[in-house]
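**Student:** Can you read through this structure? Questions will come right after.
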Amino acid sequence: MRIAVCIKQVPDTKSVKMDPTTGTVVRKGVQSIVNPLDLYALETALQMKETYGAETVAVSMGPPQAIEAVKEAIAMGIDGGALISDRAFAGSDTWATAYILAAAIKQLGHFDLIICGERATDGDTGQIGPEIAAELDMPTVTYVNKLIAAEAKAVKVSRLVEDGAEEVAMELPGVLTVVKEVGEPRLPTLRGKLKAKSTEITSMALKDLELNTSYIGLKGSPTRVVKIFQPKVVRECRKVYAENEGMVEEAVEQLVGFLKSREVLAS
Amino acid sequence: MKNDIWIVAEQHQGKVAGISFELLTRGLALAAKSGQKLCAMLFGHNIEESGLQELIDRGADMVAVIDAPELKNFLVEPYSQCMLEILRKYEPQIVLAGATSSGRTVLPYVAMTAHTGLTADCTELDIEPESGLLLQTRPAIGGNIMATIKCPDFRPQMATIRPRSTPQAPRLAGRAGTIERLPLPEKAKFSRVRFDRFIPEEEEFNLQDAERIVVVGRGIKKAENLPLIRELADALGAAVGATREVIDRGWLSYPHQIGLSGKTVTPKFYFAVGVSGAIQHLAGMQTSETIVAVNSDPEAQIFQVADFGIVGNLFEVLPPLIEKIKRGEKAW
């Protein structure tokens, strides 16, 4: 079995700060990490490799420094990696990104299974997995929380839905997107890190792929970002201070009055 | 019925789901601005007749239904083929679906095949007056920024809408509308995914249905202090929710998580206890009707979205508050 795992390098959103005067995201000093939700996709691939035997490849599209993300995947135990990078790809929306990723995956040979994280923590769309499946004419199962069984031509999985879980079987080749419940991602090992240093990462640019150039990058993207702004907060908070015992009683009294006025408590 | 605004209604076991009526609210607002008709598509099996009428009562001018055994459970390929059939036949300008487990799966599948743009998890929609284009606004980078997106050159303009980000459209009995039944498209008879079984959630816990929620943040300090929160929730008849930090520490289970990586909630009453108000959390609760917060830090961001706030130690504030609420109950 051959498994491709799609991963993305993202800014560490935990460290993202807003500039209070300009209202913009401060990118300086923000670390790049492997999208935390992609670690579960890598973990799923590694579990399949251990249980059923598989060749695993991490595939990432991004700027040249995204090679670090691919190396981290290898340090976790993934066998090989590919970086898809070209200035012409910059500004791609999810449609264009899936179009490019699908072409790259095709180029890398036959895969039985493609695994993606639920979504990336920067874009937060969760669209790439199903879009790659559609582009490659493969079936897909999303929000997979458990891998039940796998054989050469099918996988059986459980997926999370609003009010429970569904067990489904998917013919291979196919695309899975996985959620946190699939299992705690393992950490990179020292041996893995050494291997990551010596493993040659396949690099792919526009010239290496069969692509219609009018479908890629900012120009080829169906969607356009027209405005970016800071979410505005519009509530007047009535603040009461309860910093010592006497004040606590008064504050609670006021809160109860407020709750009655809003009909949270009966008056 | 071409060039109209469409919503993707959902059904569960034949019953039209609430998200459909939220989407009608969105659709009605857009239709009022653009003058287009509002249509709903619905796929399933043994769909209740009354549900179709309800879609009309709540705002749809037309409902297109495909009812077939192959559509009993959500499967991406048959559902995609049905949606593509609607796209071919009616050429919608706009297609809105819920950002649900099925909507977030089938919409990207269809958008890719139909070669058009799709915006995920929108919280605001509008029509650009000069162009008539759909303006789709959504949070990005962990809710730190909002982005407005449009799809100028491809049709339909597609978006998934965050559940519970808007109320359901009210029912107006006797509203006129038509129901069109379409046969199952040939290609929709084929699926490479097989549905085996549904396992309902063991714990009947649905935070999103709760009208009142008490939410606990890191300020609770340790799991051993949680009974205090439960006592408050019980006194108020509220469900218990939590911030990501509380979930990450394993103090409460994931279904309790509110925020960008958890659930979006819009209860009538939201009580934040020891919640700092990280932007990711605010993104999942700030549309609640009444928001109250208790936090020891007067600068805590939660106060920015609260209607009423107590700046103080929650361990000092909650016991007398619970006492007062309980006493009020007895008097009542």
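**Student:** Do the conditions hold for residue B:153, that is, is it within 19 Å of residue B:285 (Cβ to Cβ), among the acidic types (Asp, Glu) and at the interface with another protein chain (Cβ under 10 Å from one of its Cβ atoms)? I'd like the intermediate steps shown before the answer.
**Tutor:** On the way: within 19 Å of residue B:285 (Cβ to Cβ): no; among the acidic types (Asp, Glu): yes; at the interface with another protein chain (Cβ under 10 Å from one of its Cβ atoms): yes.
For residue B:153, the condition - within 19 Å of residue B:285 (Cβ to Cβ), among the acidic types (Asp, Glu) and at the interface with another protein chain (Cβ under 10 Å from one of its Cβ atoms) - is not met.
**Student:** I've got another one for you. Which residues, counting only those in the range A:57-75, are surrounded by 24 or more Cβ atoms within 10 Å (Cβ to Cβ), in contact with a Leu (Cβ under 6 Å, 6 or more places away or on another chain) and not in a strand (DSSP E or B)?
**Tutor:** Residues satisfying the conditions are A:70, A:73.
**Student:** What number of residues within the range A:163-195 satisfy the criterion of being charged (D, E, K, R), within 7 Å of chain B (Cβ to nearest Cβ) and surrounded by fewer than 17 Cβ atoms within 10 Å (Cβ to Cβ)?
**Tutor:** Residues that pass the stated criteria total 3.
**Student:** Further question on the same structure: Can you pull out every residue in the range B:262-306 that is touching a Ser or Thr at 6+ places or on another chain (Cβ under 8 Å), closer than 15 Å to residue B:164 by Cβ, more than 9 Å from chain A (Cβ to nearest Cβ) and part of a loop (DSSP other than H, G, I, E, B)?
**Tutor:** Result: B:264, B:265, B:266, B:267, B:284, B:285, B:287, B:288.
**Student:** When the range A:98-154 is examined, which residues are found to be part of a loop (DSSP other than H, G, I, E, B), at the interface with chain B (Cβ under 7 Å from one of its Cβ atoms) and over 17 Å from the mean Cα position of the chain (by Cα)?
**Tutor:** A:139, the sole residue that qualifies.
**Student:** Still on this model: Among the residues of the range A:210-224, is any within 8 Å of another protein chain (Cβ to nearest Cβ) and either assigned to a strand (DSSP E or B) or over 24 Å from the mean Cα position of the chain (by Cα) (or both)?
**Tutor:** Yes, the range A:210-224 contains a residue that is within 8 Å of another protein chain (Cβ to nearest Cβ) and either assigned to a strand (DSSP E or B) or over 24 Å from the mean Cα position of the chain (by Cα) (or both).
**Student:** Look at the range B:104-128 and say how many of its residues are free of Cβ contacts under 8 Å to residues at least 24 places away in the same chain and either closer than 15 Å to residue A:140 by Cβ or basic (Lys, Arg) (or both).
**Tutor:** So the count comes out to 2.
**Student:** Right, here's the next one. Restricting to the range B:1-45, count the residues that are buried (at least 20 other Cβ atoms within 10 Å of the Cβ) and part of a strand (DSSP E or B).
**Tutor:** Result for the range B:1-45: 13.
**Student:** Being hydrophobic (A, V, I, L, M, F, W, C), assigned to a helix (DSSP H, G or I) and more than 13 Å from chain B (Cβ to nearest Cβ) is the filter here; which residues of the range A:76-97 pass it?
**Tutor:** Passing the criteria: A:76, A:88, A:89.
**Student:** May I pose another question? For the range A:139-147, check the following and say yes or no: at least one residue is in contact (Cβ under 8 Å) with a residue 60 or more places away in the chain and touching a Leu at 6+ places or on another chain (Cβ under 7 Å).
**Tutor:** Taking the range A:139-147 first, the residues in contact (Cβ under 8 Å) with a residue 60 or more places away in the chain are A:144, A:147.
Filter once more, keeping what is touching a Leu at 6+ places or on another chain (Cβ under 7 Å): A:144.
Yes - at least one qualifying residue is present in the range A:139-147.
**Student:** Just give me the residues in the range B:12-33 being under 18 Å from residue B:137 (Cβ atoms) and within 14 Å of another protein chain (Cβ to nearest Cβ), in sequence order.
**Tutor:** Residue satisfying the conditions is B:22 alone.
**Student:** Filter the range B:193-215 down to residues that are more than 23 Å from residue B:102 (Cβ to Cβ) and part of a strand (DSSP E or B) and give me whichever is farthest from the other protein chains (Cβ to nearest Cβ).
**Tutor:** This residue is B:215.
**Student:** Does residue B:275 count as at pLDDT 95 or above and under 24 Å from the mean Cα position of the chain (by Cα)?
**Tutor:** For residue B:275, the condition - at pLDDT 95 or above and under 24 Å from the mean Cα position of the chain (by Cα) - is met.
**Student:** Then there is this: For the range B:281-326: of the residues being of a type in the set (A, V, I, L, M) and more than 19 Å from residue A:239 (Cβ to Cβ), which is modelled with the highest pLDDT?
**Tutor:** Top of the filtered list is B:322.
**Student:** Follow-up question, since we're still on this one. Tell me which residues, restricted to the range A:14-56, are modelled with pLDDT of 95 or more and charged (D, E, K, R).
**Tutor:** Across the range A:14-56, the qualifying residues are A:38, A:43, A:49, A:50, A:55.
**Student:** Of the conditions (1) surrounded by fewer than 20 Cβ atoms within 10 Å (Cβ to Cβ); (2) in a helix (DSSP H, G or I); (3) among the charged types (D, E, K, R), residue B:77 fails just one. Which one is it?
**Tutor:** Exception for residue B:77: condition (1).
**Student:** Would you please name the residue that is surrounded by the fewest Cβ atoms within 10 Å (Cβ to Cβ), looking only at residues in the range B:270-289 that are touching a helix residue (DSSP H, G or I) at 6+ places or on another chain (Cβ under 8 Å) and of a type in the set (Val, Ile, Thr)? Spell out how you get there, then give the answer.
**Tutor:** Taking the range B:270-289 first, the residues touching a helix residue (DSSP H, G or I) at 6+ places or on another chain (Cβ under 8 Å) are B:271-278, B:280-282, B:285-286.
Checking the rest, the ones that are also of a type in the set (Val, Ile, Thr) come to B:273, B:275.
Values: B:273: 25, B:275: 32.
This residue is B:273.
**Student:** Quick one: is residue A:171 modelled with pLDDT of 95 or more and farther than 30 Å from residue B:194 by Cβ? Show your work before the answer.
**Tutor:** On the way: modelled with pLDDT of 95 or more: yes; farther than 30 Å from residue B:194 by Cβ: no.
The answer is no for residue A:171.
**Student:** For the range B:179-190, does any single residue satisfy the condition of being of a type in the set (Gly, Ala, Ser), within 30 Å of residue B:84 (Cβ to Cβ) and in contact with an Asp or Glu (Cβ under 9 Å, 6 or more places away or on another chain)?
**Tutor:** yes
**Student:** How about the range A:111-130: which of its residues are in contact with a Ser or Thr (Cβ under 6 Å, 6 or more places away or on another chain) and without any contact (Cβ under 8 Å) to a residue 40 or more places away in the chain?
**Tutor:** If the condition is that a residue be in contact with a Ser or Thr (Cβ under 6 Å, 6 or more places away or on another chain) and without any contact (Cβ under 8 Å) to a residue 40 or more places away in the chain, then A:125, A:127 are the ones that fit.
Matching residues to (1) more than 12 Å from every other protein chain (Cβ to nearest Cβ); (2) assigned to a helix (DSSP H, G or I); (3) touching a residue at least 24 places away in the same chain (Cβ under 8 Å); (4) not hydroxyl-bearing (Ser, Thr, Tyr):
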position: B:164; (1), (2), (3), (4): no, no, yes, yes
position: B:172; (1), (2), (3), (4): yes, no, yes, yes
position: B:191; (1), (2), (3), (4): no, no, yes, no
position: B:230; (1), (2), (3), (4): yes, yes, no, yes
position: B:233; (1), (2), (3), (4): yes, yes, no, yes
position: B:246; (1), (2), (3), (4): yes, yes, yes, yes
position: B:251; (1), (2), (3), (4): yes, no, yes, yes
position: B:255; (1), (2), (3), (4): no, yes, yes, yes
position: B:260; (1), (2), (3), (4): no, no, yes, yes
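**Student:** Look at residue A:98 and say whether it is in contact (Cβ under 8 Å) with a residue 40 or more places away in the chain and small (Gly, Ala, Ser).
**Tutor:** Taking the combined requirement at face value, the residue does not satisfy it.
The values are calculated or read from the model by the stated rules, or taken from the named source; none is laboratory data. If you're wondering where the values come from, they're calculated on a predicted model, not measured in any experiment. Cβ sites come from the backbone with ideal geometry, for glycine too, and all protein chains shown count toward neighbours.
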